[in-house]
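The values are calculated or read from the model by the stated rules, or taken from the named source; none is laboratory data. The structure displayed is predicted, hence computed values, not measured ones. Virtual Cβ from ideal backbone geometry, glycine too; neighbours counted across all protein chains shown. Accessible surface is based on the protein model in full, side chains and every heavy atom, while ligands, DNA and RNA are left aside. Shrake-Rupley method; radii C 1.70, N 1.55, O 1.52, S 1.80 Å.
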Amino acid sequence: MSGTESAASSTEPFTAAEIAAIRAVTPGCSDDLIHLNHAGSSLPPQAVLDAQFGHLQREAVIGGYEAAAEAADRTRATRASIARLIGATPSEIARFGSATEAWMAAFWSIPMAVGQRIIVHDHEYGANAIAFIHAAKTRGVIIDRVPSDEHGQVSVDAMAERLQHADDVALVSLTHVPTNGGLVNPAAAIGRLTRAADVPFLIDACQSVGQLDIDVDEIGCDFLSATGRKYLRGPRGTGFLYARTSILDRVTPSQPDHHGSDWSSTDDYTFVRGARRFEYWEFSHAGWLGLGAAVDVALDLGLDRIEVTVAERASQLRTMLTDLGLTVYDEGLQRCGIVTTASSNIASTDLKAALSSRSINASTTSAGSSRYDVERRNLPNMLRLSVHCTTTVDELKRAIAALTSILQN
Ligand SMILES: Cc1ncc(COP(=O)(O)O)c(C=O)c1O
């Protein structure tokens, strides 16, 4: 199992026949659509739809609370599946409606005092950066931004230096796979440092869970946040937080309710055991069951094989784009399924629209999502093409042919 280094070289990517089989049970995979927006929201397998529709049907026919009671075992199983996916225990998983909600629950639970440092990196996601700035404004913390190394990933040496005297450090935050930039940050190397310094380590794994083989013990993080809809191929409006058991005594959920806490006496409450203390009572049961189905599909396929397949396809796409004369902006020693490019002649938003009119889904990057990186590298708005293990070489060739024709006209 990896999460930071490339999956073992003995792991083979899916064969064409295996990819065809995965596509056959993914309704969105068809000759009529080329989906290169898995980093936005991927295409769910039929099993995910079945789990959601099945539950919605039961809610409509027997009532929402009654359907929840009927599905209690499957609802619990989702937590267990997620735990298996990342090498955690079920009590360390909290459900959320998005990665941001999960990340915020963790971030705002961490004690921060005036003058303490929060150590972050250039590839932080926009939502997280807003929280840093807000914490600086409202709690008086100092944002200590660790630079990138010559490969564009977080500088492990600079982090080590920052953590040499860690008494004033409230937390280390890292985005595992940035929303743009193609890289996989060396999370385990950072985790070794935060453990040695005994500093809480929060990792945003929104773009990495589902495309990389992740193990929270290998990474050494205390918190990890993720979404359902991206590389896990789950439903929109789902996400989860991993909270290591040993961190729970050091943090305090910032806005607890009567699901995450027991209202034990008129004027007091106690947090429930485990990560569930971060949750609220209400949630989309259909979405959560769909997420469980998505995780089970990924586990059945094997995250190690998904990882090498995605990496291979993205690498092929980078070569094709470079051959077309476009700049590829991706960084990092280890790269993933997110590929960013731009043309000097046509705005990325126009490229995206032109691709869309040819039934090719892509997205664009914006400064608001990754301003630290945009300013550091002086990046243009980029076209983001993200592949998954369902993406075929033929689809890439057709997308490149479409780009060629758009650029020539
Ligand atoms: C790196 C990263 N972190 C967090 C998020 C936020 O995820 P969500 O929209 O599920 O809150 C995104 C979304 O694109 C992301 O790319």
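Summary of computed values
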{"item": "Spatial extent of the chain: Rg and Dmax, with the Cα atoms as the point set, Å", "result": "21.2, 72"}
{"item": "Sulfur and carbon atoms: percent of accessible area, the range 101-226 [1.4 Å]", "result": "51"}
{"item": "Net charge over other residues, Cβ less than 13 angstrom from the Cβ of Gly64 (K, R count +1; D, E count -1)", "result": "-3"}
{"item": "Of the DSSP H helices in the chain, those whose Cα atoms cover at least 18 Å axially and whose Kyte score averages 0.0 or more", "result": "46-62, 126-139, 285-301, 393-408"}
{"item": "Formal net charge of residues neighbouring Arg358 (Cβ-Cβ distance under 14 Å; K, R +1; D, E -1)", "result": "-1"}
{"item": "26 Å Cα-Cα reach of Lys230 towards lysines, excluding residues that sit fewer than 8 places from it in its own chain", "result": "Lys352, Lys397"}
{"item": "Amide N of the range 264-305 lying under 14 Å from the label point, which is placed 7 angstrom from the Cα of Tyr65 along Cα→Cβ", "result": "282"}
{"item": "Glu66 accessible area, 1.4 Å probe, all protein chains in place, Å² to nearest 10", "result": "100"}
{"item": "Global form of the range 91-159, assessed from the alpha-carbon gyration tensor, a/c cut-off 1.5", "result": "oblate"}
{"item": "Projected-area average for the range 278-409 over all orientations - Cα convex hull basis, square nanometres", "result": "10.9"}
{"item": "Contact order relative to length of the range 258-409, as percent, for alpha carbon pairs under 8 angstrom and 6 or more apart", "result": "20"}
{"item": "1.4 Å probe accessible area per residue over the range 48-299, in Å²", "result": "40"}
